[in-house]
Structures are given as structure tokens and as C-alpha cells.
Amino acid sequence: MARVIALANQKGGVAKTTSAHALGVALAEQGQRVLLADLDPQACLTFSNGIDPDSLPLSMHDVMLERTSVAEALHKVGDLHLLPSSIDLAGAEIHLLSRTGREYVLRRALSSVQHDYDVVLIDCPPSLGILTINGLTASDDVLVPLQCETLSHRGVGQLLQTIEDVRAYTNPDLRILGVIATMYDGRTKLAGRTVDEVREHYGLRVLDPPVPKSVRVAEAPALGASILTHAPSSKVAGAYRELAPQLLAAAVH
């Protein structure tokens, strides 16, 4: 039965999609059967895997409206399987609002394929709406990518409150694996201070190593590749390879 991990942060631009993609590739390199689920209408994870979101016959949108199954919408990308997204998913959120049990749609959909994978990574949208609630309700664990800048952790408290609400109403066993420090510049005091504040103020575990800043990360999506494929010997790729087994170890304890 797959371990389902949601990557969530309502702030955009924190390397959430980059982290989901890179961790998925790193886990696949280590022999894990991995499904990436793109729950963001912006479809950045889909695009980063070399798939045109505008040309998809079936996507997460159809799964969330229960028009098709996860298995029918899947794409194989290298050693990964991807449940892709498209801009149509933004409309699905409106349809879901009037439906009974709307928080459980993704959970029900993924249950049909969980035995086929070791890990499912859900790339949640940068918001705390019904799509993210679906992602959290479907998950065993939450991982929070956090950009190491002054304003980046201001929304962490709101995310934690949403997680508490999900625990209270739809998923009492949801756990927080911790925080991944992204775009980390060890030459600055600010980066270290941001990590310390998150650890001390919110009591969250910060996974090591931090993921350093690199222009190579921005280059990878246009090539339809993860940073591990585009720049396999880079420090960023090395960081994600170190983080991946920790993710598994933390998830089973």
C-alpha cells in the first residue's frame, strides 16, 4: 500500500513542484514505485515532465469530477507515473463545492491504484481551497517546502491551522513530516535565521540538507526534466537524493 505524501504551502514560488518532481525521481532511482499527482490547475508538474497540459485527453480534472479513473488518466514518464493536471481543474473546484463528501474525492480515486505504488507524491496548489483539502485528506503525511526568505514563513501558521482542521474533520491520522528548506543560500544570515524561526516558533522538524539556490533548477522544467536528470551532479540534485530516503524513514515511524 503506497505511502501518500502531500507537498503543501499556500505561498507560491517556494519550489514545491520542483521538490515533488525531484523527490519522485530520487525515490525511483532508489527502486521505489512512484506516482506523481498534479493537483495544481497551473499544471507546472505536468509541464515539467514534458507533457503539454493543453493537449491532454484526460487529466486530474476528469478524475476529480469522477468522469474517469486514475488508471485511465496516467502517463508513464521515465521510471515515474504521472497523474497530470490542466487549467480545467480550476473549474472542478467550483463543481466540488456543492457536492457531498467533496473532501474525499481524491482519496477515493487514489485508493484504486495505491497497491500499485510504494509512494504517491501530491503536488498541492498554492492555496488552502478545496483542492488542497482533498490532497491533505488523501494523504498520510505532509511535507512543507519553505523558501528561506523573510516573508516565506508567515503563512506557515495558516497552513498548520488548515492541517488541524483536516485532522478534526476528514483525516485524523494526518502527520507533518517536516519542512524542506529550499533556495537556501548558506552565505547569508537570513537563510539560517528563517530556518531557526520555523523550527522554534512552530516546532517543526527541518529536514537536512537544505536545498541550495541554483539557476539549473529554473532551466529544468523547459526541458521536461527534473533537476536530477538535467544536472545530476549538481548540489541541488545531491540534496534531493539525500532527502528522499529520509522521507521514507520518517513516513514509516
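The values are calculated or read from the model by the stated rules, or taken from the named source; none is laboratory data. The structure displayed is predicted, hence computed values, not measured ones. We place every Cβ from the backbone using ideal geometry, glycine too, and count neighbours over all the protein chains shown. Note: areas computed on protein heavy atoms with side chains; ligands, DNA, RNA excluded. Shrake-Rupley method; radii C 1.70, N 1.55, O 1.52, S 1.80 Å.
A few comments on the model shown:
- Exactly one residue out of 77, 120 is surrounded by fewer than 23 Cβ atoms within 10 Å (Cβ to Cβ), in contact (Cβ under 8 Å) with a residue 12 or more places away in the chain and hydrophobic (A, V, I, L, M, F, W, C), and it is 77.
- Some residue of segment 35-45 being at pLDDT below 95, of a type outside the set (Asp, Glu) and in a helix (DSSP H, G or I): no
- Criterion: β-branched (Val, Ile, Thr), buried (at least 20 other Cβ atoms within 10 Å of the Cβ) and out of contact with any helix residue (DSSP H, G or I) (no Cβ under 7 Å at 6 or more places or on another chain) - qualifying residue of 188, 194: 194
- When segment 163-180 is filtered for residues that are open to solvent by 20 Å² or more (accessible area, probe 1.4 Å) and either without any contact (Cβ under 8 Å) to a residue 60 or more places away in the chain or part of a strand (DSSP E or B) (or both), the ones remaining, listed by number, are 164, 165, 167, 168, 172, 173, 175, 176.
- Complete set of residues in segment 46-59 that are closer than 17 Å to residue 21 by Cα and in a helix (DSSP H, G or I): 46, 47, 48, 53
- Here residue 186 passes the criteria (1) at pLDDT below 85; (2) assigned to a helix (DSSP H, G or I) except the one numbered (2).
Rundown of residues vs (1) out of contact with any Pro (no Cβ under 9 Å at 6 or more places or on another chain); (2) modelled with pLDDT of 90 or more, yes/no style:
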residue: 121; (1), (2): yes, yes
residue: 132; (1), (2): no, yes
residue: 150; (1), (2): yes, no
residue: 157; (1), (2): yes, no
residue: 165; (1), (2): yes, yes
residue: 169; (1), (2): yes, yes
residue: 219; (1), (2): yes, no
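- Only one of 210, 232 that is within 27 Å of residue 31 (Cα to Cα), over 20 Å from the mean Cα position of the chain (by Cα) and either charged (D, E, K, R) or assigned to a loop (DSSP other than H, G, I, E, B) (or both): 232
- Scanning segment 54-74 for residues that are open to solvent by 50 Å² or more (accessible area, probe 1.4 Å) and more than 20 Å from residue 108 (Cα to Cα) gives 54, 55, 57.
- Just one residue in the set 143, 96 is in contact (Cβ under 8 Å) with a residue 12 or more places away in the chain and surrounded by fewer than 21 Cβ atoms within 10 Å (Cβ to Cβ); that residue is 96.
- When restricted to residues that are of a type in the set (Asp, Glu) and buried (at least 20 other Cβ atoms within 10 Å of the Cβ), segment 1-53 contains 2.
- Test: residue in segment 228-247 that is at pLDDT below 90 and open to solvent by less than 10 Å² (accessible area, probe 1.4 Å): yes
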